[in-house]
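Here is the structure we will look at, set down as structure tokens.
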Amino acid sequence: MVANRNRIVRISNALKKYNDKADELQSVDQKDGGFKGIPLLRYNEGQSINAIYAVRSLGIDPENGRELYVKRDGTLTYDYDKRDIVVVGNADPKVNGYFGGTFTYKRFNLTANFETYFGGDTYNQTLVDRVENADARYNVDKRVFEGKWKQSGDLTFYKNIADLGTTEVNSRFVQKDNLLNLQSLYLSYDIDQKYVKRLSMSNLRFGVTANDVARWSSIKQERGIDYPFARSITFSVNATF
């Protein structure tokens, strides 16, 4: 198990210019080459290199279906302002690591390897792209109809279903990122020696290996978008003469 912390002590003028450029791109639609609705990395002294920057949000106002933002000075507003972007989370987990074990019963052998991390945050882009900003006039996730605000008094996580504008980066989509992943599972069986010797062998083992077997996460989001993944099952026969 490993815990890692980092803090930016000093940044160069080049990184300061990068921060200004990030602010500009944050307000430009993706179709025009910008990153509106997608959080960008920023580098500020005293902060983590993996800090998540967004405007603080109090959620959707049940009265009118509009999002309520918190400005830097603590006042509330319905108007999004990129100048109110602050640190709202940290993608660095508090602890991450690997563990596993091997279990043997008679001629059966089972080996399991796990990966885990917890205590960090992530920006759930899946909810933004597939639900929040989805156009209800087309084929969409059912949450677009079931979870969005429709009338006064609705207590919802998502904005007004009639609002087709692009939701900009805000803290509403920052979620705790905790994971327990069963990375691999290996099960084998050793054939009885009295049968193995008849085949002029000293050992005969049949095995099956499964990868990415099970995943328990505090966040539901698409996988394989930035880096592909695949579940696989492999059968093997090991013979020793």
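How far is helix 13-25 tilted, in degrees, relative to the longest principal axis of the Cα atoms in the chain, given as a value from 0 to 90 rounded to the nearest 10?
Helix 13-25 sits at roughly 80 degrees to that axis.
Work out the charge dipole of segment 151-241 with +1 on the Cβ of Lys and Arg and -1 on the Cβ of Asp and Glu about the Cα centre, then indicate which of 183, 206, 239 is farthest towards its positive end.
So the residue we want is 239.
Where Lys and Arg each count +1 and Asp and Glu each count -1, what net charge lies around residue 219 among other residues with Cβ under 11 Å from its Cβ?
+1
Quick check: at a probe of 1.4 Å, how many percent of the accessible area of segment 1-119 sits on carbon and sulfur atoms?
52
Determine which lysines satisfy two conditions relative to residue 159: a Cα distance under 16 Å, and not lying fewer than 8 residues away in the same chain.
Excluding near neighbours in sequence, the set is 142, 148, 150.
Of 83, 223, 130, which has the largest mean-square fluctuation in a 10 Å C-alpha GNM of the chain?
The residue that fluctuates most here is 223.
Work out the length of the dipole vector of the chain about its Cα centre, built from +1 on the beta-carbon of each Lys and Arg and -1 on the beta-carbon of each Asp and Glu, and round it to the nearest 20 debye.
Dipole about the Cα centre, nearest 20: 1160 debye.
Taking the simple approach of a point 7 Å from Cα along Cα-to-Cβ for both residue 141 and residue 110, what is their distance in nm?
3.4
Give the residue from 167, 122, 149 lying farthest towards the positive end of the charge dipole for segment 101-241; charges sit on Cβ (+1 for Lys and Arg, -1 for Asp and Glu) and the dipole is referred to the Cα centre.
The Cα lying farthest towards the positive end belongs to 122.
With only Lys, Arg, Asp and Glu charged, each at its Cβ (+1 for the first two, -1 for the last two), find how big the charge dipole of segment 130-241 is about the Cα centre; round to the nearest 20 debye.
That gives segment 130-241 a dipole magnitude of about 440 debye.
When the label point is put 7 Å from the Cα of residue 24 along its Cα-to-beta-carbon vector, which residues of segment 68-99 have a backbone N closer than 18 Å?
Backbone N within reach: 82-83.
Could you report segment 62-208's accessible area per residue, 1.4 Å probe, as an integer in Å²?
Accessible area per residue, segment 62-208: 57 Å².
log₁₀ I(q)/I(0) of segment 74-115 at q = 0.19, 0.31 Å⁻¹, via Debye over equal Cα point scatterers, no solvent, to two decimals?
With one equal scatterer per Cα and no solvent, log10 I(q)/I(0) is -0.78, -1.09.
Quickly work out the residue 238-to-residue 176 label distance, labels modelled 7 Å from Cα along the C-beta direction, and quote it in nm with one decimal.
In this crude spin-label approximation the distance works out to 4.0 nm.
Using the alpha-carbon centroid of each, what span in Å lies between segment 135-154 and segment 16-68?
24
In segment 22-89, which GluC sites (Glu not before Pro) are in a loop and have at most 13 other Cβ atoms within 10 Å, using DSSP for the loop call?
45, 63
Near the amide H of residue 158, under 5 Å away, which other amide H atoms are found, from residues 5 or more places off or on another chain, if H is placed in the peptide plane?
149
I'd like the FRET efficiency for residue 218 and residue 43, computed as 1/(1 + (r/R0)^6) with the beta carbon distance as r and R0 of 25 Å, rounded to 0.05.
Once the sixth-power term is evaluated, E becomes 0.35.
Kirkwood hydrodynamic radius for the chain: how many Å is it when counted over pairs of different Cα atoms?
After inverting the pairwise mean of 1/r, the radius is 21.9 Å.
The values are calculated or read from the model by the stated rules, or taken from the named source; none is laboratory data. What you are looking at is a predicted structure, and each value in this text was computed from that prediction instead of being measured. Here the Cβ is made from the backbone with ideal geometry for all residues, glycine too, and neighbour counts use every protein chain on show. For accessibility, only protein heavy atoms count, side chains too; no ligands or nucleic acids. Shrake-Rupley method; radii C 1.70, N 1.55, O 1.52, S 1.80 Å.
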